[in-house]
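Comments concern the structure below.
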Amino acid sequence: GHDLEVLSHAGLREKDFGTWEGLLDHEVLQRFPEAATGPWGDGETTEEMVERVLAALREIAARHPGERVLAVSHGGPLRAVLRHCSVDGSDRVANCQVVRIAVEGGNLRAVD
């Protein structure tokens, strides 16, 4: 068998929800009723999260030219990558869903 090195990369973490971190959905809606119709959290914006995740994937690809890399992340970052790659169904990401992305010259595209 092959031993695989496991590395943590902060760029692939879930969106930072600021002071809302760690709250359950019903707790958020109780404390912040505006969440029902507005953005979630007072931390990182969705745009900031998207740029962070795309930059992380480009960096990882640049460190592993021609190689296959398994990147594991959360629903928000994964949906952002799928939207960026114009993948149908990007609004829902199933637990343990696998999506193949190619990074060529810094451009990301869905493989399948």
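The values are calculated or read from the model by the stated rules, or taken from the named source; none is laboratory data. The structure displayed is predicted, hence computed values, not measured ones. Positions of Cβ are backbone-derived with ideal geometry, glycine not excepted, and every protein chain shown enters the neighbour counts. Ligands, DNA and RNA are stripped out before the accessible areas are found, and what is left, the full protein with its side chains, is counted by its heavy atoms. Shrake-Rupley method; radii C 1.70, N 1.55, O 1.52, S 1.80 Å.
Here are some notes:
- Residues of segment 1-39 satisfying the condition of being buried (at least 16 other Cβ atoms within 10 Å of the Cβ) and either in contact with a Cys (Cβ under 8 Å, 6 or more places away or on another chain) or not charged (D, E, K, R) (or both): 11, 12, 17, 20, 23, 28, 32, 35
- Scanning segment 40-49 for residues that are within 16 Å of residue 78 (Cβ to Cβ) and open to solvent by 30 Å² or more (accessible area, probe 1.4 Å) returns a single hit, 46.
- Whichever residue in segment 59-112 is in a helix (DSSP H, G or I) and open to solvent by 100 Å² or more (accessible area, probe 1.4 Å) and, among such residues, is farthest from residue 6 (Cα to Cα): 83
- Pairs with Cβ under 8 Å, 6+ apart, first in segment 5-30 and over 27 Å from residue 58 (Cβ atoms), second open to solvent by 100 Å² or more (accessible area, probe 1.4 Å) and among the basic types (Lys, Arg): 23/31
- Residue in segment 29-37 that is assigned to a loop (DSSP other than H, G, I, E, B) and either modelled with pLDDT of 95 or more or more than 30 Å from residue 102 (Cβ to Cβ) (or both) present: yes
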